[in-house]
Amino acid sequence: MSVLTRDTVGRAGGRPAPTGDTPRGRRGWWTTRRRDQLAGLLFVAPQLAGSVLFVLIPLGLVFWYSLHEWNVLAGTFEFVGADNYQAMADDPNLPSVLRVTGLFSVGLVAFNLSLALLLAVLLNQRLRGTVVFRTLFFSPVVVSLVAWTIVWGFLLQDNGGVNGALGVAGVDGPNWLRGDWTALLSVIVVQVVKNVGLNMVLFLAALQGVPAELYEAARVEGANAWTRFRRITVPLISPTILLTSIITVVGSLQVFAQIAVLTQGGPGTSTTVLVYYLYQRAFQFHQFGYGATLSVLLFLIVLVLTVVQWRMRRKWVFHEQ
């Protein structure tokens, strides 16, 4: 006759016998789930701390400063409420600044995205020398912004390299940085050439992810190159188009160094965008409260445009519901 012990009864029931170390039904606090949660929090903690210290807190301080008049020279910091916002509404220069900002952003986005997509389509062809051209078009992205702008400042002078090249062809070029519309066009071109390589690389990566079988099937059905591009390429790379459009729009509203180096907002106010106007009022005229108010306006413009683009993705981005 076998003797039934506590261990054999536990094995017969399919459950391990409880030991005296851990009471029945009680689990330790330091579980695997808690350990994974803590590890995840530790990984995101630097990014979260950076966002709080360098994004959220500065945004709150900008709004707080917009309610005050801060005179650094006199050492005063007075609460004025909504006076700065009323001054912004009555500012006679602000409509012109917003118009220039809108023209600059529209021109920059249109030229940048269209040229980047065109270059990506051309470089996606299996031809000799495409690697060299990819490097050539992307190299301005890694060049110092100030150095790039200074070089273009010399090239666009009345007796600079651009007019010298036009003179060889028998064309008398204008003083690019001293004309109302040529100055704005020059700044747009300089910015497009500087950053078009980044969007080109993004578009090129998206194009290489389009299945070749779709193009083959379209050719069998008799679709021409434009139809294949419009019906296959554009829908499948539409998520990348959304990404590049948001990046380019936000970047166009934050352009400062090019304006400061090339035109200083001139001639007149023909190239005075909102960021440069903010700089003038805050750091040249020492109106820090009003400058903070313009910063709030810029933040709201960027926020609204980003939200509008993100909400519109369901209408024209492929696979979005």
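Scanning the stretch 108-139 for residues being open to solvent by 60 Å² or more (accessible area, probe 1.4 Å) and small (Gly, Ala, Ser) gives a total of 1.
Within the option set ASP83, ASP91, being acidic (Asp, Glu), closer than 17 Å to ARG281 by Cα and open to solvent by less than 40 Å² (accessible area, probe 1.4 Å) holds for one residue only, ASP91. Among residues of the stretch 49-64 that are among the polar types (S, T, N, Q), none has a Cβ under 6 angstrom from a residue that is surrounded by 11 or more Cβ atoms within 10 Å (Cβ to Cβ) at a sequence gap of 6+ or on a separate chain.
Restricting to the stretch 215-228, and then to whatever is open to solvent by 50 Å² or more (accessible area, probe 1.4 Å) and assigned to a helix (DSSP H, G or I), can you tell me which residue is farthest from THR271 (Cα to Cα)?
This residue is VAL220.
ALA212 satisfies every condition listed in (1) within 19 Å of the chain's Cα centre (by Cα); (2) open to solvent by 40 Å² or more (accessible area, probe 1.4 Å); (3) among the aliphatic types (A, V, I, L, M) except (1). Of the residues making up the stretch 307-319, those that are open to solvent by 40 Å² or more (accessible area, probe 1.4 Å) and touching a residue at least 60 places away in the same chain (Cβ under 8 Å) are TRP310, TRP316, PHE318, HIS319. Of the residues in the stretch 96-105, none is crowded, with 17+ Cβ neighbours inside 10 Å and in contact with a Gly (Cβ under 6 Å, 6 or more places away or on another chain). Of the residues making up the stretch 155-181, those that are closer than 18 Å to THR263 by Cβ, open to solvent by 80 Å² or more (accessible area, probe 1.4 Å) and not in a loop (DSSP other than H, G, I, E, B) are ASP180, TRP181. Scanning the stretch 247-280 for residues that are polar (S, T, N, Q) and either at positive phi or open to solvent by 30 Å² or more (accessible area, probe 1.4 Å) (or both) turns up GLN254, GLN264, THR269, GLN280. The set of residues in the stretch 215-237 that are closer than 16 Å to ASN124 by Cα and in contact with a helix residue (DSSP H, G or I) (Cβ under 8 Å, 6 or more places away or on another chain) comprises TYR215, ARG228, PHE229, ILE232, THR233, VAL234, LEU236, ILE237. Is there any pair with a first residue in the stretch 66-84 that is within 15 Å of GLY291 (Cβ to Cβ) and small (Gly, Ala, Ser) and a second that is at pLDDT 90 or above and open to solvent by less than 70 Å² (accessible area, probe 1.4 Å) whose Cβ atoms are under 7 Å apart and which are 6 or more apart or on different chains, and what are they? Between residues of the stretch 66-84 that are within 15 Å of GLY291 (Cβ to Cβ) and small (Gly, Ala, Ser) and residues that are at pLDDT 90 or above and open to solvent by less than 70 Å² (accessible area, probe 1.4 Å), the close pairs are SER66/ASN84; SER66/GLY289; SER66/ALA292; SER66/THR293; SER66/VAL296. Is it true that PHE283 is aromatic (Phe, Trp, Tyr), open to solvent by 40 Å² or more (accessible area, probe 1.4 Å) and under 28 Å from THR182 (Cβ atoms)? Considered against the rule, which asks whether it is aromatic (Phe, Trp, Tyr), open to solvent by 40 Å² or more (accessible area, probe 1.4 Å) and under 28 Å from THR182 (Cβ atoms), PHE283 comes out as yes.
The values are calculated or read from the model by the stated rules, or taken from the named source; none is laboratory data. Remember, it's a predicted structure, so these values are computed and weren't measured experimentally. Note that each Cβ is placed from the backbone with ideal geometry, even for glycine, and that neighbours are counted across all protein chains shown. These accessible areas exclude ligands, DNA and RNA; they are computed on the full protein's heavy atoms, side chains included. Shrake-Rupley method; radii C 1.70, N 1.55, O 1.52, S 1.80 Å.
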